[in-house]
Amino acid sequence: MTHEELEEAVPLYAIGALERTERQAIEAHLLSGCATCHAALKDYQTVAALLPFSLTPATPPASLKAQVMAARNPISVASEPGKASPRSSLEPGDWMHHLFPPISPVRSWPFRLAMGLAAVLILGGVGYLGWLYYSQTMHSSGQIEQLQAALQKEASRATAFESNLKQRDQREGELKSDLDRKTQEITDLRDQLLQREAELDDLRTQLAQRDTSVQRLVRQSEE
């Protein structure tokens with residue numbers, strides 16, 4: 001097969017629709033190091049993995065459940081000696097195991113020990129994070145209580161200061177009333193003083209007139 005034919009058969013190989021001979025030819029070509037076919041195979045395998053999601057869901061037949069349950073417990077049939085079971089044409093060949101080795105589940109005790117240690121570490125980390133969160137919460141609660149106490153103290157101080165201001169305003173009002181009263185009294189006294197001064201001027205005028213009359217009478221008497 002030419003390179004073009006092999007490249008055209010890559011999509012069919014990605015979905016497992018080739019015969020055994022064609023599949024082995026493509027696997028040999030891939031093992032030869034063709035970068036173009038390798039890249040194309042990865043792209044087609046990605047697309048093939050998404051193909052089932054584009055199918056329209058259909059209602060399964062009623063007998064499918066019975067068939068699945070029967071397939072879970074198949075009747076073991078003894079195979080004839082020396083006869084190998086036929087391989088399906090959809091399965092990848094042995095050459096693909098060198099390109100993409102199958103992933104086998106690890107069940108050894110080191111893996112279990114590592115998983116146990118990982119679980120312990122995760123639980124320890126979660127516990128440590130929980131303890132940190134609890135300590136931070138308690139610390140924040142203490143700070144909030146301190147702030148509330150300080151706020152209440154400042155509120156009491158503000159209330160006392162406000163009451164003192166009210167008392168000072170009341171005292172200032174009383175002092176202002178006293179000052180107004182004293183000012184009115186001083187004004188009244190000044191008016192009375194002016195009136196007394198006017199009366200005193202009148203008396204002086206009358207006294208001067210009387211002195212003039214007396215002096216006139218004296219002169220008349222002397223004459």
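The values are calculated or read from the model by the stated rules, or taken from the named source; none is laboratory data. Being a predicted model, the structure only gives us computed values, none of them experimental. Cβ coordinates were reconstructed from backbone atoms using ideal geometry, including for glycine residues, and neighbour counts include every protein chain displayed. SASA here: full protein model, heavy atoms, side chains in, ligands and nucleic acids out. Shrake-Rupley method; radii C 1.70, N 1.55, O 1.52, S 1.80 Å.
Brief remarks on what is shown
- Per residue, the stretch 109-223 exposes 94 Å² of solvent-accessible protein surface, assessed with a 1.4 angstrom probe and all protein chains in place.
- Whole-Hz Karplus values for the stretch 215-220 come out as 4, 5, 5, 5, 5, 5 Hz, taken residue by residue from phi with 6.51 cos²θ - 1.76 cosθ + 1.60 and θ = phi - 60°; glycine and proline positions read x.
- Modelled this way, with points 7 Å down the Cα-to-C-beta line, the labels at residue 50 and residue 192 are 11.3 nm from one another.
- Within the assembled protein chains, the solvent-accessible surface assigned to residue 44 is about 100 Å², based on a 1.4 Å probe.
- Full-extension gain in nm, residue 129 to residue 165, via 0.36 nm per residue minus C-alpha separation: 7.7 nm
- According to the Kirkwood relation over distinct C-alpha pairs, the hydrodynamic radius of the stretch 135-223 is 20.7 Å.
- ³J(HN,Hα), Karplus 6.51/-1.76/1.60, whole Hz, each residue of the stretch 168-182, x for Gly, Pro: 5, 4, 5, 5, 5, x, 5, 4, 5, 5, 4, 5, 5, 5, 5
- Whichever lysines have a C-alpha closer than 27 Å to that of residue 153, once near sequence neighbours (fewer than 8 apart) are set aside: 166
- Reachable aspartates and glutamates from residue 182, criterion Cα separation under 17 angstrom, eight or more residues apart if same chain: 172, 174, 191
- Extension gain for residue 138-residue 32 works out to 31.5 nm (0.36 nm per residue, less the C-alpha to C-alpha distance).
- Exposure of residue 15 as accessible area (Å², to 10), given a probe of 1.4 Å and all protein chains: 100 Å²
- Note on residue 42: aspartates and glutamates with a C-alpha under 16 Å away, same-chain residues under 8 apart excluded, are 7, 8, 27.
- Accessible heavy-atom area order of 32, 156, highest first, probe of 1.4 Å: 32, 156
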